[in-house]
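The values are calculated or read from the model by the stated rules, or taken from the named source; none is laboratory data. This is a predicted model, so every value here is computed, not measured. As a convention, Cβ positions derive from the backbone with ideal geometry for all residues, glycine included, and neighbour counts pool all protein chains shown. To get the accessible areas, we keep the full protein, side chains included, count just its heavy atoms, and leave off ligands, DNA and RNA. Shrake-Rupley method; radii C 1.70, N 1.55, O 1.52, S 1.80 Å.
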Amino acid sequence: MIITLTGASGVGKTTIAGELLKNLPVNAQMVPSYTIRKFRKPRPTDLPGEYKYVTRFWFWLLNATGSFLWTVYPHGNSYGTTKRWVIRALRDDNTVYVMILFDAIKKLNIFAEKTDFSNKIFSFYILSPPDEILKERLRSRGDKENEVEKRLKDCAKWDSEAKASGIPYEFVKNEGTIEFVTEEVITIFLRNLGRSDCYF
(Lines give C-alpha, C1' and ligand atoms only; values in the text may rest on other atoms or scores of the structure.)
Protein backbone atom coordinates (compact mmCIF):
# COMPACT_ATOMS: atom_id res chain seq x y z
CA MET A 1 0.00 0.00 0.00
CA ILE A 2 1.12 3.54 -0.69
CA ILE A 3 0.71 6.86 1.11
CA THR A 4 1.27 9.83 -1.19
CA LEU A 5 2.03 13.33 0.03
CA THR A 6 1.33 16.28 -2.26
CA GLY A 7 1.37 20.00 -1.56
CA ALA A 8 2.92 23.28 -2.52
CA SER A 9 6.59 24.09 -1.94
CA GLY A 10 7.48 24.80 1.68
CA VAL A 11 4.54 23.02 3.34
CA GLY A 12 6.83 20.39 4.91
CA LYS A 13 6.21 17.29 2.78
CA THR A 14 9.73 15.87 3.18
CA THR A 15 9.70 16.45 6.93
CA ILE A 16 6.26 14.84 7.23
CA ALA A 17 7.44 11.87 5.16
CA GLY A 18 10.39 11.44 7.52
CA GLU A 19 8.07 11.55 10.53
CA LEU A 20 5.80 8.94 8.93
CA LEU A 21 8.76 6.60 8.41
CA LYS A 22 9.53 6.85 12.12
CA ASN A 23 6.03 6.97 13.61
CA LEU A 24 3.70 4.79 11.55
CA PRO A 25 2.74 1.78 13.69
CA VAL A 26 3.74 -0.58 10.85
CA ASN A 27 6.78 -1.12 8.63
CA ALA A 28 7.31 1.92 6.40
CA GLN A 29 9.76 2.91 3.69
CA MET A 30 10.07 5.22 0.71
CA VAL A 31 9.40 4.19 -2.88
CA PRO A 32 12.84 5.13 -4.25
CA SER A 33 13.45 7.52 -7.08
CA TYR A 34 16.34 6.67 -9.41
CA THR A 35 18.70 9.55 -10.13
CA ILE A 36 22.09 10.03 -11.78
CA ARG A 37 24.96 9.94 -9.31
CA LYS A 38 27.14 12.38 -11.26
CA PHE A 39 24.64 15.24 -11.19
CA ARG A 40 22.65 14.77 -8.01
CA LYS A 41 24.75 14.33 -4.87
CA PRO A 42 23.26 13.01 -1.61
CA ARG A 43 22.04 15.74 0.75
CA PRO A 44 21.68 15.74 4.55
CA THR A 45 17.91 16.26 4.12
CA ASP A 46 17.46 13.11 1.99
CA LEU A 47 15.30 10.47 3.63
CA PRO A 48 16.48 6.86 4.07
CA GLY A 49 15.77 4.98 0.84
CA GLU A 50 14.48 8.08 -0.97
CA TYR A 51 16.97 7.80 -3.85
CA LYS A 52 18.84 5.12 -5.75
CA TYR A 53 21.95 6.51 -7.43
CA VAL A 54 22.85 5.08 -10.81
CA THR A 55 25.13 5.95 -13.72
CA ARG A 56 23.91 8.02 -16.63
CA PHE A 57 24.01 4.87 -18.82
CA TRP A 58 21.93 2.85 -16.36
CA PHE A 59 19.33 5.62 -16.11
CA TRP A 60 19.19 5.82 -19.90
CA LEU A 61 18.81 2.02 -20.11
CA LEU A 62 15.94 1.97 -17.60
CA ASN A 63 14.25 4.73 -19.56
CA ALA A 64 14.87 3.12 -22.97
CA THR A 65 13.46 -0.24 -21.84
CA GLY A 66 10.25 1.32 -20.49
CA SER A 67 11.08 0.48 -16.87
CA PHE A 68 10.05 3.89 -15.56
CA LEU A 69 6.43 4.68 -14.85
CA TRP A 70 7.40 8.36 -15.02
CA THR A 71 10.45 10.60 -15.19
CA VAL A 72 10.97 14.24 -14.23
CA TYR A 73 13.89 16.58 -14.92
CA PRO A 74 13.79 19.55 -12.52
CA HIS A 75 16.77 21.94 -12.38
CA GLY A 76 18.81 19.77 -14.74
CA ASN A 77 18.53 16.66 -12.56
CA SER A 78 16.99 13.36 -13.71
CA TYR A 79 14.57 11.33 -11.58
CA GLY A 80 12.65 8.19 -12.46
CA THR A 81 10.22 5.93 -10.60
CA THR A 82 10.10 2.35 -11.82
CA LYS A 83 6.99 0.29 -12.45
CA ARG A 84 8.61 -2.57 -10.54
CA TRP A 85 8.86 -0.56 -7.32
CA VAL A 86 5.32 0.79 -7.65
CA ILE A 87 3.90 -2.70 -8.24
CA ARG A 88 5.90 -4.02 -5.29
CA ALA A 89 4.47 -1.28 -3.07
CA LEU A 90 0.89 -1.81 -4.25
CA ARG A 91 1.06 -5.57 -3.66
CA ASP A 92 2.72 -5.44 -0.24
CA ASP A 93 0.12 -5.38 2.55
CA ASN A 94 2.77 -5.62 5.28
CA THR A 95 4.58 -2.36 4.53
CA VAL A 96 3.44 1.21 3.96
CA TYR A 97 5.39 2.87 1.14
CA VAL A 98 5.61 6.66 1.16
CA MET A 99 5.87 8.84 -1.94
CA ILE A 100 6.18 12.62 -2.32
CA LEU A 101 4.40 13.43 -5.58
CA PHE A 102 3.40 16.37 -7.74
CA ASP A 103 1.89 15.88 -11.20
CA ALA A 104 2.80 12.17 -11.12
CA ILE A 105 -0.11 11.49 -8.76
CA LYS A 106 -2.37 11.25 -11.83
CA LYS A 107 -0.10 8.70 -13.51
CA LEU A 108 0.07 6.67 -10.31
CA ASN A 109 -3.72 6.57 -10.00
CA ILE A 110 -4.18 5.55 -13.64
CA PHE A 111 -1.56 2.82 -13.29
CA ALA A 112 -3.15 1.53 -10.07
CA GLU A 113 -6.59 1.40 -11.70
CA LYS A 114 -5.24 -0.57 -14.68
CA THR A 115 -3.63 -3.09 -12.32
CA ASP A 116 -6.69 -3.29 -10.00
CA PHE A 117 -4.83 -1.76 -7.05
CA SER A 118 -6.54 1.63 -6.81
CA ASN A 119 -7.75 0.78 -3.29
CA LYS A 120 -4.12 0.50 -2.15
CA ILE A 121 -3.36 4.23 -2.52
CA PHE A 122 -4.01 6.74 0.25
CA SER A 123 -3.45 10.26 -1.11
CA PHE A 124 -2.91 13.24 1.16
CA TYR A 125 -2.72 16.87 0.16
CA ILE A 126 -0.97 19.00 2.75
CA LEU A 127 -2.61 22.41 2.62
CA SER A 128 -0.44 25.50 2.80
CA PRO A 129 -0.11 26.99 6.30
CA PRO A 130 -1.16 30.57 7.02
CA ASP A 131 1.03 33.12 5.25
CA GLU A 132 3.03 34.12 8.33
CA ILE A 133 4.00 30.52 9.12
CA LEU A 134 4.87 29.82 5.49
CA LYS A 135 6.96 33.00 5.26
CA GLU A 136 8.93 31.92 8.32
CA ARG A 137 9.56 28.44 6.89
CA LEU A 138 10.66 29.78 3.51
CA ARG A 139 12.95 32.40 5.04
CA SER A 140 14.50 29.84 7.39
CA ARG A 141 15.50 27.67 4.44
CA GLY A 142 17.16 30.65 2.75
CA ASP A 143 14.58 31.89 0.24
CA LYS A 144 14.92 35.59 -0.70
CA GLU A 145 12.05 38.03 -0.14
CA ASN A 146 11.01 38.20 -3.80
CA GLU A 147 11.02 34.38 -3.90
CA VAL A 148 8.93 34.23 -0.71
CA GLU A 149 6.22 36.46 -2.18
CA LYS A 150 6.13 34.39 -5.36
CA ARG A 151 5.90 31.18 -3.34
CA LEU A 152 2.94 32.53 -1.35
CA LYS A 153 1.01 33.18 -4.57
CA ASP A 154 2.07 29.79 -5.97
CA CYS A 155 0.87 28.04 -2.80
CA ALA A 156 -2.59 29.60 -3.02
CA LYS A 157 -2.77 28.55 -6.68
CA TRP A 158 -1.63 24.98 -5.92
CA ASP A 159 -4.18 24.58 -3.13
CA SER A 160 -7.00 25.89 -5.31
CA GLU A 161 -6.07 23.63 -8.23
CA ALA A 162 -5.77 20.57 -5.96
CA LYS A 163 -9.28 21.11 -4.59
CA ALA A 164 -10.65 21.33 -8.14
CA SER A 165 -8.55 18.45 -9.55
CA GLY A 166 -10.94 15.59 -8.86
CA ILE A 167 -8.09 13.57 -7.32
CA PRO A 168 -9.42 11.80 -4.21
CA TYR A 169 -7.15 13.64 -1.77
CA GLU A 170 -7.55 13.74 1.97
CA PHE A 171 -6.90 17.43 2.63
CA VAL A 172 -4.90 18.02 5.79
CA LYS A 173 -4.77 21.40 7.53
CA ASN A 174 -1.27 22.65 8.22
CA GLU A 175 -1.72 25.25 10.94
CA GLY A 176 0.25 23.65 13.75
CA THR A 177 3.54 21.85 14.15
CA ILE A 178 4.81 19.28 11.66
CA GLU A 179 4.33 16.65 14.39
CA PHE A 180 0.65 17.59 14.67
CA VAL A 181 0.19 17.39 10.88
CA THR A 182 1.91 13.97 10.86
CA GLU A 183 -0.40 12.69 13.60
CA GLU A 184 -3.38 13.86 11.56
CA VAL A 185 -2.13 12.00 8.47
CA ILE A 186 -1.61 8.81 10.53
CA THR A 187 -5.06 9.09 12.14
CA ILE A 188 -6.83 9.55 8.79
CA PHE A 189 -4.77 6.76 7.19
CA LEU A 190 -5.62 4.24 9.93
CA ARG A 191 -9.29 5.24 9.85
CA ASN A 192 -9.49 4.76 6.07
CA LEU A 193 -7.52 1.53 6.26
CA GLY A 194 -10.03 0.22 8.79
CA ARG A 195 -12.88 0.98 6.38
CA SER A 196 -11.23 -0.93 3.52
CA ASP A 197 -12.55 -4.49 3.17
CA CYS A 198 -9.57 -5.61 1.10
CA TYR A 199 -7.29 -5.81 4.14
CA PHE A 200 -9.49 -7.78 6.50
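Here are the numbers for the structure shown:
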item: E113, sole failed condition from (1) buried (at least 18 other Cβ atoms within 10 Å of the Cβ); (2) of a type outside the set (A, V, I, L, M); (3) outside any loop (DSSP other than H, G, I, E, B); result: (1)
item: Residue within segment 85-105 that is within 27 Å of G12 (Cβ to Cβ), modelled with pLDDT of 95 or more and in contact with a Pro (Cβ under 7 Å, 6 or more places away or on another chain) present; result: yes
item: Count of residues meeting criterion [in contact with a Leu (Cβ under 7 Å, 6 or more places away or on another chain) and not aliphatic (A, V, I, L, M)] in segment 116-134; result: 5
item: Conditions (1) surrounded by 15 or more Cβ atoms within 10 Å (Cβ to Cβ); (2) under 22 Å from K173 (Cα atoms): number failed by A28; result: (2)
item: Count - residues of segment 150-164 that are modelled with pLDDT of 90 or more and either open to solvent by 50 Å² or more (accessible area, probe 1.4 Å) or among the aliphatic types (A, V, I, L, M) (or both); result: 7
item: Residue that is farthest from P32 (Cα to Cα), among those in segment 52-70 that are of a type in the set (A, V, I, L, M) and touching a strand residue (DSSP E or B) at 6+ places or on another chain (Cβ under 8 Å); result: L62
item: Tally of residues being among the basic types (K, R) and either at pLDDT below 90 or open to solvent by less than 20 Å² (accessible area, probe 1.4 Å) (or both) across segment 170-200; result: 1
item: Residue in segment 97-110 that is most open to solvent (accessible area, probe 1.4 Å), counting only those that are assigned to a helix (DSSP H, G or I) and in contact with a Leu (Cβ under 7 Å, 6 or more places away or on another chain); result: K107
item: Residue in segment 49-59 that is in contact (Cβ under 8 Å) with a residue 12 or more places away in the chain, open to solvent by less than 40 Å² (accessible area, probe 1.4 Å) and among the small types (G, A, S) present; result: no
item: Residues (β-branched (V, I, T) and either touching a strand residue (DSSP E or B) at 6+ places or on another chain (Cβ under 6 Å) or without any contact (Cβ under 8 Å) to a residue 24 or more places away in the chain (or both)) located in segment 2-15; result: I2, I3, T4, T6, V11
item: In segment 71-100, the residues that are out of contact with any Lys or Arg (no Cβ under 8 Å at 6 or more places or on another chain), under 19 Å from Y53 (Cα atoms) and of a type in the set (A, V, I, L, M, F, W, C); result: V72, W85, V86, V98, M99
item: Residues of segment 116-149 that turn out to be within 17 Å of L90 (Cβ to Cβ) and either modelled with pLDDT under 85 or part of a loop (DSSP other than H, G, I, E, B) (or both), as a count; result: 2
item: Selected residue (criterion: surrounded by the fewest Cβ atoms within 10 Å (Cβ to Cβ)) from residues of segment 116-142 that are closer than 20 Å to S160 by Cβ and of a type in the set (A, V, I, L, M); result: I133
item: Scope segment 31-48; condition within 18 Å of the chain's Cα centre (by Cα) and open to solvent by less than 30 Å² (accessible area, probe 1.4 Å); matching residues; result: V31, P32, S33, Y34, T35, L47
